[in-house]
1. Report the residue count in segment 38-64 for those that are within 10 Å of the ligand (Cβ to nearest atom) and acidic (Asp, Glu).
2. Determine, yes or no, whether ILE87 is within 15 Å of the ligand (Cβ to nearest atom) and either outside any strand (DSSP E or B) or not charged (D, E, K, R) (or both).
3. Go through segment 51-62 residue by residue and tally those that are in contact with a strand residue (DSSP E or B) (Cβ under 6 Å, 6 or more places away or on another chain) and either more than 21 Å from GLY85 (Cβ to Cβ) or surrounded by fewer than 17 Cβ atoms within 10 Å (Cβ to Cβ) (or both).
4. For segment 90-99, give me each residue that is within 14 Å of the ligand (Cβ to nearest atom) and not in a strand (DSSP E or B).
5. Here are the criteria: (1) part of a loop (DSSP other than H, G, I, E, B); (2) at pLDDT below 95. Tell me which single one GLY243 does not satisfy.
6. Just to be sure I understand the filter: pairs with C-beta atoms under 8 Å, separated by 6 or more residues or on different chains, first member in segment 176-194 and at positive phi, second member modelled with pLDDT of 95 or more and small (Gly, Ala, Ser). Which pairs pass?
7. May I ask you to say which residue of PHE151, PHE123, PHE119 is touching a helix residue (DSSP H, G or I) at 6+ places or on another chain (Cβ under 9 Å) and either more than 30 Å from GLY85 (Cα to Cα) or of a type in the set (Asp, Glu) (or both)?
8. When segment 16-28 is examined, which residues are found to be touching a Gly at 6+ places or on another chain (Cβ under 9 Å), over 11 Å from SER42 (Cα atoms) and of a type outside the set (Lys, Arg)?
Amino acid sequence: MPNGELMAGRVAVIAGGGGEIGGAIARRYSAEGASVVVCDISQEKADLVAGEIVAAGGKAVGLKVDVSSEEDCGNAGRFAVQTFGKITDLVNASATLSPDGNVETLSVAAWRNALDVNFTGVFLMCKYVLGHIRAAGGGSVVNIASSHGHFGLPGRSAYCSTKAALMHFTRVLAIDYGPHNIRANTISPGPIDTARSLRRFGTRENSNKVRGRGQVLGRTGTVEEVAAAAVFLASNEASFITGTDLLVDGGQTAFKGTALADIHQSAT
Ligand SMILES: NC(=O)c1ccc[n+]([C@@H]2O[C@H](COP(=O)([O-])OP(=O)(O)OC[C@H]3O[C@@H](n4cnc5c(N)ncnc54)[C@H](O)[C@@H]3O)[C@@H](O)[C@H]2O)c1
């Protein structure tokens, strides 16, 4: 439960903040006292989340940012400092909805787009925000990977590879920036109850029914449960935690009893 203090005085830039998980993280960071720049390729979605935060009494602004654009990422860093005076936190939660396919059927354009947004986009946001966090005396980076970075799925080479790469990128980020008092970690969510699942399962009810079977806890997770993990990693409660990955997957990765048919269907 938010106590309003875990992130007092902090300023967070949240890429993909107009999305379901990014939005939940933005709301929770704000509830814990942070000012938030909600960045998303959709200005409308960014403004919606920022508007909700302001209506709830927090400080937030929406900003259109395409994380695959170097110019947009540079602008995000400058805008956050101009607006709130500093940056202490970065969250990367953007991702494409990449199509399925094996190496023969997946288009080069779809492959490149997944890498550009899910992986290079994180590099670019870090490139243009970390200097500001260092200037503020330190802080935290939380990158949203996936349980599918831990195990593969048929037809999902682009998505799974970017998420595995993101974990290793973040370890090296932690090594490079530990001396600057900047901690960097990933969260690997398992199946979370979001609209992403609708394209594969039709309804949330069906998604929960089918995908819930793959977890030890017998259900899908909520965006608030991912946001709670992000706040923990960003806060001083995690002051000795860096370069790690936190699975928020209800035991999905630990549970090896899932039938292959279920794994085929559990893509996120
Ligand atoms: N939903 C799940 O079950 C689940 C599971 C594991 C990991 N994840 C990861 O969590 C993150 C958030 O997922 P979500 O379920 O909230 O999805 P979502 O689609 O609601 O959020 C993703 C957001 O990224 C934005 N975006 C897309 N391309 C962008 C770009 N080029 N620049 C900036 N923003 C861009 C979208 O507009 C969207 O608002 C993703 O990284 C996803 O891979 C989700």
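1. Selection size over segment 38-64: 2.
2. no
3. Adding up the residues that qualify gives 2.
4. ALA93, SER94, ALA95, THR96, LEU97, SER98
5. Among (1) part of a loop (DSSP other than H, G, I, E, B); (2) at pLDDT below 95, GLY243 violates only (2).
6. So the pair list comes out as ASN181/GLY137; ASN181/GLY138; ASN181/GLY139.
7. Being touching a helix residue (DSSP H, G or I) at 6+ places or on another chain (Cβ under 9 Å) and either more than 30 Å from GLY85 (Cα to Cα) or of a type in the set (Asp, Glu) (or both) holds for just one of PHE151, PHE123, PHE119, which is PHE151.
8. Within segment 16-28, GLY22, GLY23, ILE25, ALA26 qualify.
The values are calculated or read from the model by the stated rules, or taken from the named source; none is laboratory data. Keep in mind that what you see is a predicted model, and the values were worked out from it rather than measured. Every residue, glycine among them, receives a Cβ derived from its backbone with ideal geometry; neighbour counts consider all protein chains shown.
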